[in-house]
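The values are calculated or read from the model by the stated rules, or taken from the named source; none is laboratory data. Small disclaimer: the values here were computed from a predicted structure and weren't measured. Here the Cβ positions follow ideal geometry from the backbone for every residue, glycine too, while neighbour counts run over all protein chains shown. Side chains are part of the model used for accessible areas, which takes the heavy atoms of the whole protein and leaves out ligands, DNA and RNA. Shrake-Rupley method; radii C 1.70, N 1.55, O 1.52, S 1.80 Å.
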Amino acid sequence: MRWHDVELVTEPDDVDAALLVAVVREGRTTLLGRGDPDGVVRLVARRVAGLSARGAPALVDWMSLPRGVVVDEPTLDASGLAPFSTWDWMVTDEAPARVPVEDAVVPLDPTVDADAIRACLAESNPGTTAQPTGPDEAAWFGVRDGAVLAGVVGAARRGARTPGALSWHLHGLGVRPTARGRGLGAALTATATRAGLAAGASWVSLGLYADNDAARRIYRRLGYVTEGEFASFGPPGARRPPT
């Protein structure tokens, strides 16, 4: 939604094998590669070499490439990056069946409830970069336990294949430790997914770290399928992905 400039790079002899998207957003450059891992690595190296030849900096704020890539150290050094995480991108375009305790999920006001949402996330998901008052936020949902939010999830507006269309990306899912084991994570995800599709989203997506098998099982039961497996690279010492 906030992309300022997009550069597409493909291999001249096989445009279907690999694709590298360079996105400049708010002064930051993010690289996203899809397709053949070896081909994507060649595209990254070619981009670095081309910028260096022009005397331009090759620094990147974040990079996500197909899992299994092997990026050489000189390329990473020139880009100012280090390995960060492996993760999956999951998508659905069908409303899930209702799940237990879903009636406990309520819409939240991202402005009025901002402090309560942040307090819940600080305890339940401190590594998230989701912010209820972010510029692309579509909706937030929660489960109240008296005056406290026991769990929350948000959704951001993203692009879609059709010009003018939108998708929703779920983020900021968190359930306080004292409320876990009650199925609230599945209920929050199901509610937000159904709301996004009802609002006209072409699909709803989410990301999860590759080793989170428990969450993956829940998402699959809700109809999500894995559309991409990625390895991400960020600034050395980074503790969380960018917003």
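What the table shows:
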{"item": "Evaluation of PRO241 against (1) part of a helix (DSSP H, G or I); (2) at pLDDT below 95; (3) of a type outside the set (Phe, Trp, Tyr) (one fails), failing number", "result": "(1)"}
{"item": "Subset of the range 85-130 [modelled with pLDDT of 95 or more, open to solvent by less than 40 Å² (accessible area, probe 1.4 Å) and of a type in the set (S, T, N, Q)]", "result": "THR92, SER124"}
{"item": "Some residue of the range 151-165 being within 22 Å of ILE218 (Cβ to Cβ) and surrounded by fewer than 18 Cβ atoms within 10 Å (Cβ to Cβ)", "result": "yes"}
{"item": "Qualifying positions in the range 9-25 - surrounded by 10 or more Cβ atoms within 10 Å (Cβ to Cβ) and modelled with pLDDT under 75", "result": "VAL9, GLU11, ASP14, VAL15, ASP16"}
{"item": "Test for ALA215: is it small (Gly, Ala, Ser) and under 23 Å from SER124 (Cα atoms)", "result": "yes"}
{"item": "Residue list for the range 202-225, restricted to those being part of a strand (DSSP E or B), open to solvent by 50 Å² or more (accessible area, probe 1.4 Å) and either without any contact (Cβ under 8 Å) to a residue 24 or more places away in the chain or touching a strand residue (DSSP E or B) at 6+ places or on another chain (Cβ under 6 Å) (or both)", "result": "TYR209"}
{"item": "Residues being touching a strand residue (DSSP E or B) at 6+ places or on another chain (Cβ under 8 Å) and either farther than 15 Å from THR193 by Cβ or open to solvent by 10 Å² or more (accessible area, probe 1.4 Å) (or both) - total across the range 140-150", "result": "6"}
{"item": "Test: THR193 is within 17 Å of TRP89 (Cβ to Cβ), modelled with pLDDT of 95 or more and β-branched (Val, Ile, Thr)", "result": "yes"}
{"item": "Filter pass, VAL40 being open to solvent by less than 40 Å² (accessible area, probe 1.4 Å), part of a loop (DSSP other than H, G, I, E, B), in contact (Cβ under 8 Å) with a residue 24 or more places away in the chain and in contact with a strand residue (DSSP E or B) (Cβ under 9 Å, 6 or more places away or on another chain)", "result": "no"}
{"item": "Top-ranked residue in the range 46-62 [being closer than 19 Å to PRO236 by Cα and open to solvent by 30 Å² or more (accessible area, probe 1.4 Å); ranked as farthest from the chain's Cα centre (by Cα)]", "result": "PRO57"}
{"item": "Tally, over the range 63-84, of residues that are assigned to a strand (DSSP E or B) and either closer than 28 Å to LEU197 by Cβ or open to solvent by 20 Å² or more (accessible area, probe 1.4 Å) (or both)", "result": "5"}
{"item": "Residue match in the range 158-165 (condition: in contact with a helix residue (DSSP H, G or I) (Cβ under 9 Å, 6 or more places away or on another chain) and not acidic (Asp, Glu))", "result": "no"}
